[in-house]
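Okay, structure first, notes after.
The values are calculated or read from the model by the stated rules, or taken from the named source; none is laboratory data. Only a predicted model underlies this, so the values are computations on that prediction, with no experimental measurement involved. Backbone-built Cβ (ideal geometry, glycine too); neighbour counts: all protein chains shown.
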Amino acid sequence: MVDIHSHILPDVDDGPKTWDVCIEICKTAAADGITHMVATPHANDRYAYDRQHSQELVNELQKRVGDAPQLLLGCDFHLSYDNLQDALAHPTRYAIGNTRYLLVEFSNYSVPQSTTDSLLKLGDRGLTPIITHPERNPILRENLERVIEFAEQGCVIQITGSALTGFWGERTRRAAQWLLERQAVHVLATDAHDMEKRVPILSGARDAAAEICGEQIADALVEGNPGAIIHDQSLPYFPRPVGASYRKENS
């Protein structure tokens, strides 16, 4: 399995603070069957993103954990005005490795209509946005049709694996399942932060997805699609979403 969203670098954001925990997270992920992990430090108003420093930390962590899992660098990119302007000026600064793919996180307080235009601008600069955990966003969770629209626009949709297994509550689990049933999920990721709550385990989510959409699609969500992303390839599983009204179905 390939995990494209994790916080595994020491003392750069709200992830682990010590090398020992970083190493434990990586070793636990490898034991779960994760062969590649993308370290994705936050870039937002609270945490500055230093690409060079983060890459140095990735290199050091790889030395400490050995060959498994293989580590790459990306960014948990908050879609703010300043970040957007910087990404448009430097389109490779926040992307996963040397790829075109960029994790994009929305505010919990506002997802304006101009978001669509912002995503299109990133596309015009050669970047493919990966919308992170929309099922956990309190605004999008109540208006999942917008996530369908983002997928139709060509964005990759990534949900947190533990959302499917109930860690984030029933409302979030239902939202994740709704998106999955409508072919609007392309990747499962751990969004791991620690070894207590937000853990680096993906196998349980893969099994939960298999019960909803079958083994073949579940494998695509944790192997085929994220594997294609880290190799800068087109996603093998990218169906047209099935449109529906979330509010009507869940009222």
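At least 1 residues that are among the polar types (S, T, N, Q), closer than 28 Å to residue 10 by Cα and at pLDDT 95 or above in each: list the helices (runs of 4 or more DSSP H) lying fully within segment 126-225 that qualify.
Values: elements: 145-152, 161-164, 170-181, 203-213, 215-219.
Hits in segment 126-225: 161-164, 203-213.
Could you check, for segment 76-84, whether at least one of its residues is surrounded by fewer than 16 Cβ atoms within 10 Å (Cβ to Cβ) and at positive phi?
Scanning segment 76-84 turns up no residue that is surrounded by fewer than 16 Cβ atoms within 10 Å (Cβ to Cβ) and at positive phi.
Select from segment 181-208 the residues that are aliphatic (A, V, I, L, M) and over 15 Å from residue 34 (Cβ atoms) and write down the one among them that is nearest to the chain's Cα centre (by Cα).
Across segment 181-208, the extreme among qualifying residues is 185.
Within segment 105-125, work out how many residues are of a type in the set (D, E, K, R), in a helix (DSSP H, G or I) and touching a residue at least 24 places away in the same chain (Cβ under 8 Å).
Filtering segment 105-125 down to residues of a type in the set (D, E, K, R) leaves 105, 117, 121, 124-125.
In the following step, the residues that additionally are in a helix (DSSP H, G or I) were identified as 117, 121, 124.
Then keep just the ones that are touching a residue at least 24 places away in the same chain (Cβ under 8 Å); that gives 121.
Total meeting the criteria: 1.
Can you find, within segment 191-228, the residue that is surrounded by the fewest Cβ atoms within 10 Å (Cβ to Cβ) among those that are over 23 Å from residue 168 (Cβ atoms) and touching a residue at least 24 places away in the same chain (Cβ under 8 Å)?
Residue satisfying both the conditions and the ranking: 223.
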